Amino acid sequence: MRRPTIKPQLTFYDIAEGITAFSSTRHGGYSHGNYGEFNVNRYCGDEPEDIDNNRKALCQLLRIKKDRLVMPHQVHGTGVVQIGPTFFRLSDEVRTQVLEGIDALMTNQKDVCIGVSTADCIPIIIYDHEHHAASVVHSGWRGTVANISEATVASMQRAFHSRPEALQAVIGPGISQKNFEVGDEVYDAFAEAGYPMEEIASREQRWHIDLWRCCQLQLEAAGIPAAQIQTVGICTYDHCDDYFSARRLGTQSGRILTGILLY
């Protein structure tokens, strides 16, 4: 009996021609249990063979070589790395070192897919149509407090001469305010960072923080017009059947890949 074809099911974003921007769902892969079905993250405990098969399936779908799928090992920091031609001349070991401790990637290379992993944290795609360059950002609450979005926009300005007012951004699937319950120490961290707490926080039994709104405010502060920022509005906690959620499934579960591919 012929085995059915495995094809990753992605959520695509309409940003511009000449690119493919997406977030992965849990469907259309080889992984099992809380990693099922589609997980390409190597740092969350999934079976290496399943991860490799999922990566191959994604690269076939995107029509790129397997080594052109580039993902960092994230640490909730503000490190940004540019992926250029030199990166692909490095050994696998050195590439891994370059991507260690990085939470945002940027590139202007065609046929290269850069992506970040999330499972409640907020993924952000930023595209510069003037210079055909892009970045992807992993913005968890720590990275949001540390303003990784602003750091990424500044890096794009230096690397590609990007003008913030010409950038477009997508704030992808992540945990919503109603489900992101935090302790006083997290609330205090946002307050100390200068956020308008009356706008981004609400109190029930505990504090709740609106990470989507925080990212929107950061991108606007970095110079991107509000009309050019799209918030997808998919709550991973509420939709854990379709998107991975660490709060619902535990940390030993898969991760969403949010990526962008330039042509």
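The values are calculated or read from the model by the stated rules, or taken from the named source; none is laboratory data. A quick note: this is a predicted structure, and the numbers were derived from the prediction, not measured. All Cβ positions, even for glycine, are placed from backbone atoms using ideal geometry, and neighbour counts span all protein chains on display. Areas reflect the complete protein model, heavy atoms only, side chains present, ligands, DNA and RNA absent. Shrake-Rupley method; radii C 1.70, N 1.55, O 1.52, S 1.80 Å.
Under a 5 Å amide H to amide H cut-off, with H placed in plane at 1.01 Å, what residues pair with Trp207 once short-range neighbours are removed?
Long-range HN contacts for Trp207: Val182.
What ranking do 71-78, 150-157 get when scored by the average of other Cβ atoms within 10 Å per residue, highest first? Can you show the working numbers first?
On the way: 71-78: 19.5, 150-157: 21.1.
Peptide ranking by packing, descending: 150-157, 71-78.
Counting only Cα atoms, I'd like the Rg/Rh figure for the stretch 166-237, Kirkwood definition for Rh.
0.99
Among the aspartates and glutamates, select those whose C-alpha is under 20 Å from the C-alpha of Lys65, and discard any that sit fewer than 8 residues away in the same chain.
In chain and number order, the partners are Glu49, Asp50, Asp52, Asp92, Glu93, Asp111.
Order 15-26, 190-201, 43-54 from most to least packed using the mean count of other Cβ atoms within 10 Å.
Values: 15-26: 19.7, 190-201: 14.7, 43-54: 16.4.
Put in order of decreasing packing, that is 15-26, 43-54, 190-201.
For the stretch 99-112, just list the computed ³J(HN,Hα) in residue order, Karplus coefficients 6.51, -1.76 and 1.60, θ = phi - 60°, integers in Hz, with x standing in for Gly and Pro.
Ordered by residue, 3J(HN,Hα) equals 8, 6, x, 10, 10, 8, 10, 9, 7, 10, 8, 6, 6, 10 Hz.
On the protein heavy atoms, probe 1.4 angstrom, tell me the percent of accessible surface of the chain carried by carbon and sulfur. Please list the in-between numbers first.
Details: 5310 of 11840 Å².
Heavy-atom surface of the chain belonging to carbon and sulfur, 1.4 Å probe: 45 percent.
Sort the following peptides by mean Cβ neighbour count (other Cβ atoms within 10 Å, averaged over residues), highest first: 90-99, 235-244.
Working: 90-99: 12.2, 235-244: 19.8.
With the highest mean Cβ count within 10 Å placed first, the list reads 235-244, 90-99.
Before rounding to the nearest 500, sum -39500 (n - 2.57) across all DSSP H runs of length at least 4 in the chain and divide by the residue total; then give [θ] at 222 nm in deg cm²/dmol.
On the way: 8 runs with 68 residues, N = 263.
Rounded to the nearest 500, it is -7000 deg cm²/dmol.
Lysines within cross-link reach of Lys66: Cα-Cα under 19 Å, excluding same-chain residues under 8 positions apart?
Reachable lysines: Lys7, Lys56, Lys110.
Restricted to Cα positions, what overall size does the chain have along the principal axes? Three whole-Å values, descending.
58, 43, 33
Straight-line reach from Lys178: which aspartates and glutamates fall under 13 Å, measuring Cα to Cα and dropping same-chain residues less than 8 apart?
Partners found: Asp120, Glu204, Asp210, Asp238.
How large is the Kirkwood hydrodynamic radius of the stretch 86-206, counting all unique pairs of alpha carbons, in Å?
Across the stretch 86-206, the inverse of the average 1/r is 16.2 Å.
Rounded, prolate or oblate: which fits the stretch 16-92, taking a ≥ b ≥ c as square roots of the Cα gyration tensor eigenvalues, rounded meaning a/c under 1.5, else prolate when a/b beats b/c?
Numbers: a/c = 1.59, a/b = 1.31, b/c = 1.22.
Since a/c reaches 1.5 and a/b is larger than b/c, the shape of the stretch 16-92 is classed as prolate.
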